[in-house]
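J.: Mind looking over this structure? Questions follow.
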Amino acid sequence: MDDSGSEFTISDFKVSRIPRNGFVETWYDQSGNGNDATQASAGNQPAIVQNGNIVTEGIRFQTDNELETGGNITTSTITGFVVANLKGTDAKALYSLGSDSVAAPNVLFGSPSLAYVINGGTALSGGTAPTFANTLFTQLFVSGGTSKSFIDGSQIASGDAGSNTASSGKITIGNLASSTRYANIAMNELIVFTSDKSTDQDEIEKDISRNYNITLS
């Protein structure tokens with residue numbers, strides 16, 4: 001075919017083969033309360049695209065990646081549900097309310113194989129942390145009462161929460177500002193209630209599991 005009259009030929013275009021990455025600056029709160037989780041520093045933003053490929057397992061958190069809610073949340077009771085995929089066998093963190101060394105709860109799974117939560121600096125441990133996609137992690141913390149950890153609907157740890165309180169703080173997702181508590185996860189969803197949802201836990205877990213095709217224990 002004679003293309004001498006063409007304004008261009010396909011050879012005029014260059015397709016970049018340089019790997020492209022995309023990062024999350026804001027993870028929008030769907031509750032209507034405006035507690036968006038943000039990260040202004042580009043170097044600390046989790047990834048949604050890596051090497052030109054969409055991260056299909058969720059938002060990818062690695063060392064130094066974290067998102068924080070804008071305003072403080074005040075509570076002494078918290079029930080959290082997380083759908084995440086733990087990556088590798090090193091330290092992992094899901095989320096924290098308040099300081100990662102004082103306030104509770106700090107929800108971590110790993111380091112390297114135990115699933116646990118930090119209650120004011122005291123580890124509550126038990127069970128084995130899975131390393132496959134779409135795992136449902138549930139954490140119940142009641143100041144002055146009991147802290148419980150669940151994986152896919154099955155309780156793996158329980159302990160006295162004592163007088164530790166989540167009182168006030170931002171929710172930090174991912175890295176908990178400590179070299180031994182950084183995230184190595186891909187997270188799909190985080191739901192946090194500032195109340196004891198133990199009576200509704202089964203129904204909430206069933207609803208979440210249906211959405212992500214998770215088999216509850």
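J.: Return the residue satisfying two criteria in turn: it lies in the range 14-26 and is open to solvent by less than 60 Å² (accessible area, probe 1.4 Å) and in a strand (DSSP E or B), and of such residues it is modelled with the lowest pLDDT.
T.: Checking each candidate, the answer is Gly22.
J.: Scan the range 197-217 residue by residue and report those that are part of a loop (DSSP other than H, G, I, E, B) and either modelled with pLDDT of 90 or more or in contact with a Lys or Arg (Cβ under 6 Å, 6 or more places away or on another chain) (or both).
T.: Lys197, Ser198, Thr199, Asp200, Asn213, Ile214, Thr215, Leu216
J.: Then there is this: Restricting the range 140-193 to residues that are over 16 Å from the mean Cα position of the chain (by Cα) and modelled with pLDDT of 85 or more, which is least open to solvent (accessible area, probe 1.4 Å)?
T.: Among those that are over 16 Å from the mean Cα position of the chain (by Cα) and modelled with pLDDT of 85 or more, it is Gly153.
J.: I've got another one for you. Please list, ordered by first then second residue, the pairs with beta carbon atoms under 7 Å, 6 or more apart or interchain, first in the range 19-43 and within 10 Å of Thr69 (Cα to Cα), second of a type outside the set (A, V, I, L, M) and open to solvent by 70 Å² or more (accessible area, probe 1.4 Å).
T.: Pairs found: Asp36/Tyr28; Thr38/Glu25; Gln39/Glu25.
J.: Regarding Val49, is this residue assigned to a strand (DSSP E or B), farther than 24 Å from Ser198 by Cα and open to solvent by less than 60 Å² (accessible area, probe 1.4 Å)?
T.: yes
J.: Give the residue, chosen from Ala37, Ala47, that is within 18 Å of Leu86 (Cβ to Cβ) and not polar (S, T, N, Q).
T.: Matching residue, one of Ala37, Ala47: Ala47.
The values are calculated or read from the model by the stated rules, or taken from the named source; none is laboratory data. Quick caveat, the model's predicted, so the values are computed rather than measured. Positions of Cβ are generated from backbone atoms using ideal geometry, with glycine treated the same way; all protein chains shown enter the neighbour counts. Accessible surface is based on the protein model in full, side chains and every heavy atom, while ligands, DNA and RNA are left aside. Shrake-Rupley method; radii C 1.70, N 1.55, O 1.52, S 1.80 Å.
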